[in-house]
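Enquirer: One structure follows; several queries about it will come next.
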Amino acid sequence: FLEYDMHRCLFNSSDMKDIEYIYSKHYNKEEVIRFSSSLGKYVGYTKFGVMAAGYWNKDLEGLRERRADKEKG
């Protein structure tokens, strides 16, 4: 594979505020960028990922939608 996206939730308790939603993009088996509901923003792990995170973190509507993904479960 070349590219894939992953959505996952980490459950530390049954309380909704303790659940962490993580969305990440991978390329050639390497994580490029991640959104974490705990941080509320994107973090890049490669040169391209850092650039994309800077761009995506400026998109307030996109961030609002990604943050709402936690509630969709």
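The values are calculated or read from the model by the stated rules, or taken from the named source; none is laboratory data. Predicted model, so just to flag it, every value in this text is computed and none were measured. Positions of Cβ are backbone-derived with ideal geometry, glycine not excepted, and every protein chain shown enters the neighbour counts. Side chains are part of the model used for accessible areas, which takes the heavy atoms of the whole protein and leaves out ligands, DNA and RNA. Shrake-Rupley method; radii C 1.70, N 1.55, O 1.52, S 1.80 Å.
Enquirer: Calculate the dipole size of the chain relative to its Cα centre from +1 charges on Lys and Arg beta carbons and -1 charges on Asp and Glu beta carbons; express the result in debye to the nearest 20.
Expert: 160
Enquirer: Among the lysines, select those whose C-alpha is under 22 Å from the C-alpha of Lys70, and discard any that sit fewer than 8 residues away in the same chain.
Expert: Lys17, Lys25, Lys41, Lys58
Enquirer: Oh, and also: Please calculate how many Å² of accessible area the chain carries per residue, with a 1.4 Å probe and no DNA, RNA or ligand atoms counted.
Expert: The answer is 72 Å² per residue.
Enquirer: Given the rule -39500 (n - 2.57) for each run of at least 4 DSSP H residues, summed and divided by the residues of the chain, what is its mean residue ellipticity at 222 nm, to the nearest 500 deg cm²/dmol?
Expert: -9500 deg cm²/dmol
Enquirer: In whole percent, how big is the carbon plus sulfur part of the accessible area of the chain, probe 1.4 Å, protein atoms only?
Expert: Using a 1.4 Å probe with all protein chains present, the chain comes out at 55 percent carbon and sulfur.
Enquirer: Working from Cα positions, state the angle (0 to 90°, nearest 10) between the long axis of helix 47-56 and the longest principal axis of the chain.
Expert: Helix 47-56 sits roughly 50 degrees off the main axis of the chain.
Enquirer: Then there's this: For a test of the definition: using alpha carbon positions, the gyration tensor, and the 1.5 limit on a/c, classify the chain as rounded, prolate or oblate.
Expert: Taking the square roots of the gyration eigenvalues as a ≥ b ≥ c, the chain is oblate.
Enquirer: Under a crude label model (7 Å from the Cα following the beta-carbon direction), how far is Asn12 from Tyr55 in nanometres?
Expert: Distance between the two pseudo-spin positions: 3.3 nm.
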